[in-house]
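S.K.: Submitted below is the structure of interest, expressed as structure tokens.
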Amino acid sequence: MASIKYNNGINYIPVRTNSIKDLLENRANVLLYNAPIGHTDVPESSVDAIITDPPYGSNVQYLELSHFWYPWNQDLYERYPIFELEAVANRKKGFNGAKSQYDYENNLYEVFKNAYRVLKPMRYLSLTFNNKDICSWLALLFSILKSGFTFDRMYFQDGVKNYRQTAHTKAKGSPYGDFIYTFKKVDSIPVKVYTTEEDFIYDIDNIFLKDISCSDENRNEMILQMFVDAIPLIDAFAKTYLRTKGIHHLYSHFNKKYLSKLYDTDNANK
């Protein structure tokens, strides 16, 4: 509503186009793509800001759910949906085309690599994210930081009241609200150089596995501070180890139970 009131106040009139040239030369102000950013013709260093809301790991299988309607709505699609490009991890495994957290990370990397390419220098990428699974956090951060972005800051935004009634927030200990990240297209020097995965695991464990007293009241503030402390190390691992090696094998250690004491204090120590 705030954005609608703002647009009405400045007499904003949408002018749609199918040409990126029209947009860049101010002959139009709305351009909609129905394609991954890597499949568009957006020029390098031409975008002022990027605001996005990436898929939350394996929380929602977006394309599978929307594909239910495909037989009736084929005329709305320019091409058959490409499941391999969707940046999600599948909860069910073992079927043809099932995607792991590594696939989720790799597909996100293709997105953020192109986001970095089209964004102007010294401009910002902003996004929201939350997940109980540290694998999804790391996959997101690895993909962004390996692309070249530098972490700027992080906030927590409380959820809307009605959002408590959705399926994935009703379960005990589920996240309520979102973390808002901003990253900048600017060079930075990593805080250290990683040559082994074991060194990175040791450093991250020292942040997340220390003795804590966590409750529903302070959980989000505690997670916020932990990630603010950890992100410089995640950035260093992404820009030194991952850029050199290309792959990692961290998700067996950083698994779904890793953050359990933060999200389910009753069962974390059982």
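S.K.: Which FRET efficiency value, to the nearest 0.05, do you get for V186 and K5 by plugging their Cβ-Cβ distance into 1/(1 + (r/R0)^6) with R0 = 35 Å?
M.R.: Efficiency computed from Cβ-Cβ geometry: 0.60.
S.K.: Calculate one ³J(HN,Hα) per residue across the range 113-122 by plugging θ = phi - 60° into the Karplus curve 6.51 cos²θ - 1.76 cosθ + 1.60, and present them in order as whole Hz with x for glycine and proline.
M.R.: 4, 6, 4, 5, 5, 8, 6, 6, x, 6
S.K.: A further question on this structure: Around L233, what is the net charge, scoring Lys/Arg as +1 and Asp/Glu as -1 over all other residues with Cβ under 12 Å from its Cβ?
M.R.: Combined, the nearby Lys, Arg, Asp and Glu give -3.
S.K.: Would you mind getting me the FRET efficiency between I207 and K256? Use the beta-carbon distance for r and R0 = 22 Å, nearest 0.05.
M.R.: Efficiency computed from Cβ-Cβ geometry: 0.75.
S.K.: Compute the signed sum of charges (Lys and Arg +1, Asp and Glu -1) over the other residues within less than 11 Å, Cβ to Cβ, of V47.
M.R.: After counting each charged neighbour, the total is +2.
S.K.: Which residues make up the longest stretch of the chain clear of GluC sites (Glu not before Pro) that lie in a DSSP loop with no more than 13 other Cβ atoms within 10 Å, not counting the sites?
M.R.: Looking at the chain, 79-216 is the longest stretch - no exposed GluC sites (Glu not before Pro) with at most 13 other Cβ atoms within 10 Å.
S.K.: Please list the non-local residues whose amide H lies under 5 Å from the amide H of R123, H modeled 1.01 Å from N, same-chain partners needing a gap of 5 or more.
M.R.: K185
S.K.: Please figure out what share of the DSSP beta bridges in the chain is antiparallel and state it in percent, rounded to the nearest 5.
M.R.: 70 percent
S.K.: Within a Cβ distance under 12 Å of D133, other residues only, what is the Lys/Arg minus Asp/Glu net charge?
M.R.: +4
S.K.: For the chain, with a Gaussian network of springs between Cα atoms less than 10 Å apart, report the residue from Y77, Y124, Y194 with the top mean-square fluctuation.
M.R.: Looking only at Y77, Y124, Y194, the largest GNM fluctuation is found for Y77.
S.K.: Long-range amide H contacts for S58: which residues qualify at under 5 Å (H placed 1.01 Å from N, peptide plane, sequence gap of 5 or more or a different chain)?
M.R.: Excluding prolines and chain starts, which carry no amide H, the hits are A89.
S.K.: Dipole magnitude of the range 1-64 about its Cα centre, charges +1 at Lys/Arg Cβ and -1 at Asp/Glu Cβ only, in debye to the nearest 20?
M.R.: 300 debye
S.K.: Put a dot 7 Å past each Cα toward the Cβ at A98 and T128; how far apart are the dots in nm?
M.R.: Reported label-point gap for T128 and A98 is 3.2 nm.
S.K.: I'd like the Karplus ³J(HN,Hα) series for the range 185-196: coefficients 6.51, -1.76, 1.60, θ = phi - 60°, whole numbers in Hz, and an x wherever there's a Gly or Pro.
M.R.: Per-residue couplings from phi come out as 7, 8, 6, 8, 9, x, 6, 7, 10, 9, 10, 9 Hz.
S.K.: For the range 67-135 and the range 29-64, compute the distance between their C-alpha centroids and round to whole Å.
M.R.: Distance between centres, Cα-based: 9 Å.
S.K.: Sequence gap at least 6, Cα distance under 8 Å: using those rules, report the relative contact order of the range 1-117 to the nearest whole percent.
M.R.: Relative contact order, the range 1-117: 21 percent.
S.K.: Stretch T195-N34 to full length: gain in nm at 0.36 nm per residue minus the Cα-Cα span?
M.R.: Full-extension gain reported as 53.9 nm.
S.K.: Anyone know which of I37, I134, I189 comes out most mobile in the 10 Å Cα GNM of the chain?
M.R.: Greatest mean-square fluctuation among the candidates belongs to I189.
S.K.: Whole-Hz ³J(HN,Hα) for each residue in the range 241-255, computed from phi via Karplus 6.51 cos²θ - 1.76 cosθ + 1.60 with θ = phi - 60°, x for glycine and proline: what do you get?
M.R.: 5, 5, 5, 8, 7, x, 9, 8, 9, 8, 7, 6, 7, 8, 9
A short reminder: the numbers here are calculations on the coordinates, not readings from a lab. As the structure is a prediction and not an experimental result, all values here were calculated from the model. Backbone-built Cβ (ideal geometry, glycine too); neighbour counts: all protein chains shown.
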